[in-house]
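What follows is a short report on a single structure.
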Number of protein chains: 2
Amino acid sequence: MTKDLKIGLLGLGTVGGALVRLLLTRAEQIERAAGLRIHVKRAAARTAGKSRPASLAAGALTYDPFEVVRDPEVDLVVELLGGINPARALVREALAAKKPVVTANKQLLAEHGEELFAEAERSGVALRFEGAVCGGLPVIRTLRDALAADRVASLHGILNGTTNHVLSRMTEGGGSFGAALAEAQAEGYAEADPTLDVGGFDAAQKLCLLARLAFGARVRPQDVLTEGIERIGPQDVAAARELGCVVKLLALARWVGGALDLRVHPAMIRAGGPLASVGGASNALLVEAEALGSTLLSGPGAGGACTAAAVAADIVDVGRPGAGAPLPFTAGRDVPLLPHDQIAASYYLRFTVDDAPGVLAGLTAALGKRDISIAALHQRERREGREPVSVVLLTHRAREGAVQAAVAEIDKLPTTRGRTQLIRVETEKV
Amino acid sequence: MTKDLKIGLLGLGTVGGALVRLLLTRAEQIERAAGLRIHVKRAAARTAGKSRPASLAAGALTYDPFEVVRDPEVDLVVELLGGINPARALVREALAAKKPVVTANKQLLAEHGEELFAEAERSGVALRFEGAVCGGLPVIRTLRDALAADRVASLHGILNGTTNHVLSRMTEGGGSFGAALAEAQAEGYAEADPTLDVGGFDAAQKLCLLARLAFGARVRPQDVLTEGIERIGPQDVAAARELGCVVKLLALARWVGGALDLRVHPAMIRAGGPLASVGGASNALLVEAEALGSTLLSGPGAGGACTAAAVAADIVDVGRPGAGAPLPFTAGRDVPLLPHDQIAASYYLRFTVDDAPGVLAGLTAALGKRDISIAALHQRERREGREPVSVVLLTHRAREGAVQAAVAEIDKLPTTRGRTQLIRVETEKV
């Protein structure tokens, strides 16, 4: 029993092109294993004139994405446009017309997931998005299916390939953030405007999707404490190494008491831990669940081919003959979020101060009066003359609110010569 | 819409007990997320008199497993007995009666998978087995679903927790195999009769299941080159370290030309590679696929709770309202197997020989005349008097057949005082 499935494709960029090629190359295998013949009935490109996959049927190509969604012969819509507009309207219209949707658009689901999942449930069709997080890594599948009867306690992940590439380069080569980013851009690992990646926003969007699946929590990017890697310097990378750590852009979501701690920020994590060896542009997710224990998934995080493979797997799942009804949409519930000032961590602090008597006393007093105890302190690179010096300090476990207040006070001292660098040290699970 | 599912449970040992507890603890979550209420209608224990999960309904317990399968109210059968008999007859009967089966029995599926999957297909019901391989790690799910539209090139795994625990202990503590095994037994990480684990047979069974999913290949444990870790000594572990490697019981399956290379044996793998840091009783699988790239899954490999979580996820998948038809059984095809003498690898060889003139010449001649070239040679621990000495040697890439012939010749030399140790060095992917 073989079934023909006509798909409508929105977006013919890197992932879209790779998908068309993959569906052609693996057509026989998909038919043999799942009884499914997939046809790209219509495909919308954003701009005219680019080269298109040769295997597209004559007449399939259009520049109006709504034509694709409205084509009555299209059974399933694949959205690979990215961004909010017009993707949101297109996905909504497809779902309302009872066409299942497969998307790799993390931003759309992170910001408008509530509305779109509700539309999918009303229509009783699937809205699938394995390609939206961690490229080809089956993280969505794992959280949704493998953990169906388990309770997730925490997620720790490296969810952005660009920043991991840049930080790995800084760790290996010792260079500056700017130099590592420029190299990454030259090699195609970073966008011309890298803000979304470098600022942690892309990872925060992915974390929201994962937290929804893992915890049933209705969270949005603005709920995530988000800090980028722009201010990480070679001296921070070197200090991490001395502490037996590496600097990574860490995404984490975990229950602290009854509240959800949600963050994306640079962190020092143990050099021997499970996430430290995730190099280059790879992604990884460490899921800690009650029964299952700690499971690590890691692999290439981005790229046309691996995202296309994840999208194709979703198409097969949803479209194959005998495919079941979609899992009912578990309406995300509002959960208490851990206020950011209640975060508990160890902190690495790097002060830029005058090399003068009494300066250290000023620093330690600001910390001490807030009960922040110091685990180690090091004055670095004493320079000649009146150049400022770096004082590096590691705290014992402390509250974020107290540490931020102390840093704010210190940054106002007349002997402080630059903004203090603060990096959280997370070595408990990772 | 909530559905009631009555399951029949075969086996109330560690995993069975953990499953009953898990289904109770997570009942509300399963009902909310999947619309499913699971009841343990009947449960068969092997032996009377042991303590039983308190939550079993009165009258549910029996000592005749066939009663469970034949109970007309049982909708789905969970087989956790292990072994071939009576599990094979029970699973066959359940499937023939159109009852889906969820099992964690790797031996049964590795040896009689062909028959049982065919029975499942005839009846149009599911036969699921996520718990059979790597405890809670979603490896089956990943190979079956996530790679639906991709082509797997190779699998490399650490599939047995007991041997990984023993080898990790030897690597950390430097002790003997016997001492590490005794410790593992005392701590509950190894069975009283550890042959299945230690000899590589358990890992070979799991590899057969994975190869069937990844390659559609009809392979059985006897097709796998299987060697255990019994002969690994502290000197081999130390030599591995000097080579920048660690010794692991490696399971691998990969295409070499058009033939499948299938093996489970101790191997030296790169200390910095993705499998080297998999410690203790953990399991890991590295899947290399054409589009997806290299994906690593790692986590706890065994234990009642994590296997129960995998079994419960399968029950929910199969039993939930709206669950689809099972994927059609892809009849495994017979594929050419790479003859073992055609394996290509580097080899670590440790000879135990007389400390006499001409001995080295004898060794190198036996290798040289078979075109096996030597990458490094080291004579170790010269002892006083007439004690034999160890000569350790690393070959360049060579054919297994040639190396085995050379070793057989060397082992017959009058100056050879013990059986030569041979460990393959696999550093290309892992």
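The values are calculated or read from the model by the stated rules, or taken from the named source; none is laboratory data. What you are looking at is a predicted structure, and each value in this text was computed from that prediction instead of being measured. Cβ: placed from backbone, ideal geometry, glycine included. Neighbour counts: every protein chain shown.
Taken residue by residue, the stretch B:332-355 has no member that is in contact with a helix residue (DSSP H, G or I) (Cβ under 9 Å, 6 or more places away or on another chain), within 30 Å of B:Gly17 (Cβ to Cβ) and outside any loop (DSSP other than H, G, I, E, B).
Residue count for the stretch B:4-19 satisfying the condition of being more than 13 Å from every other protein chain (Cβ to nearest Cβ) and closer than 20 Å to B:Pro321 by Cα: 3. Out of the stretch A:276-323, which residues are facing chain B (nearest Cβ under 9 Å), more than 17 Å from the chain's Cα centre (by Cα) and assigned to a strand (DSSP E or B)? Selection gives A:Ala289, A:Gly293, A:Ser294, A:Thr295. Note on the stretch A:134-239: enclosed helices (runs of 4 or more DSSP H) holding 3 or more residues that are over 11 Å from the mean Cα position of the chain (by Cα), modelled with pLDDT of 95 or more and away from chain B (no Cβ under 14 Å) are A:161-173, A:177-186. Residues in the stretch B:20-76 that are away from chain A (no Cβ under 14 Å), touching a residue at least 40 places away in the same chain (Cβ under 8 Å), crowded, with 17+ Cβ neighbours inside 10 Å and assigned to a loop (DSSP other than H, G, I, E, B): B:Pro53, B:Asp71, B:Val74, B:Asp75. Hey, does the stretch A:109-128 have a residue that's within 24 Å of B:Gly293 (Cβ to Cβ), away from chain B (no Cβ under 14 Å) and not hydroxyl-bearing (Ser, Thr, Tyr)? Yes, some residue in the stretch A:109-128 is within 24 Å of B:Gly293 (Cβ to Cβ), away from chain B (no Cβ under 14 Å) and not hydroxyl-bearing (Ser, Thr, Tyr). Per the conditions (1) part of a strand (DSSP E or B); (2) crowded, with 22+ Cβ neighbours inside 10 Å, the sole criterion not satisfied by A:Leu81 is (1). Within the stretch B:252-275, take every residue that is under 19 Å from the mean Cα position of the chain (by Cα) and part of a loop (DSSP other than H, G, I, E, B) and give me the one that is nearest to B:Gln205 (Cα to Cα). Here the answer is B:Leu275.
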